[in-house]
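> Take this structure first; my questions come after.
The values are calculated or read from the model by the stated rules, or taken from the named source; none is laboratory data. Since we're looking at a predicted model, the values are computed, not measured. FYI the Cβ positions are ideal-geometry reconstructions off the backbone, even for glycines, and counts take in every protein chain you see.
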Amino acid sequence: MFNEEKTREMVKELTLLLMYLNHFTFNGKLQTDSGVFAWKGYDFDVLNKLDEEDYIRQGSRRSKSVYLTEEGVKKAQEIYEKYAARQHNNS
């Protein structure tokens with residue numbers, strides 16, 4: 001069984017991963033570090049934590065999307081590899 005802190009960390013990781021896997025771009029129309037955007041349809045406390053850790057930028061609190069920083073994209077790719085390796089080892 002997971003402890004509460006470990007569960008929160010896993011939720012944060014999986015939220016970042018889901019945003020990365022479901023991202024969209026504006027084909028260079030908006031300038032950001034990565035050009036990778038995602039919808040804000042996730043827990044706001046988790047989004048705020050990801051923003052504090054500089055994995056995403058929320059911009060205006062009214063905005064319906066966030067963008068992943070270059071660091072956020074790298075972290076999401078690491079998380080993908082982490083969970084993909086687990087899946088591969090379990091099959």
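> Checking the structure you have, find out if any residue of region 69-89 is in contact with a Lys or Arg (Cβ under 6 Å, 6 or more places away or on another chain) and exposed (fewer than 12 other Cβ atoms within 10 Å of the Cβ).
No, region 69-89 has no match at all.
> What are the residues in region 49-70 that are more than 10 Å from the chain's Cα centre (by Cα) and modelled with pLDDT of 95 or more, if any?
Matches in region 49-70: Lys49, Glu52, Glu53, Asp54.
> Please identify the pairs in which a residue from region 31-48 that is under 27 Å from Thr7 (Cβ atoms) and of a type in the set (Lys, Arg) has its Cβ atom under 8 Å from the Cβ atom of a residue that is modelled with pLDDT of 90 or more and surrounded by 14 or more Cβ atoms within 10 Å (Cβ to Cβ), counting only partners at least 6 apart or on another chain.
Lys40/Leu47; Lys40/Gln58; Lys40/Ser65; Lys40/Val66
> Mind counting the residues in region 49-81 that are more than 14 Å from Val36 (Cβ to Cβ) and touching a residue at least 24 places away in the same chain (Cβ under 8 Å)?
3
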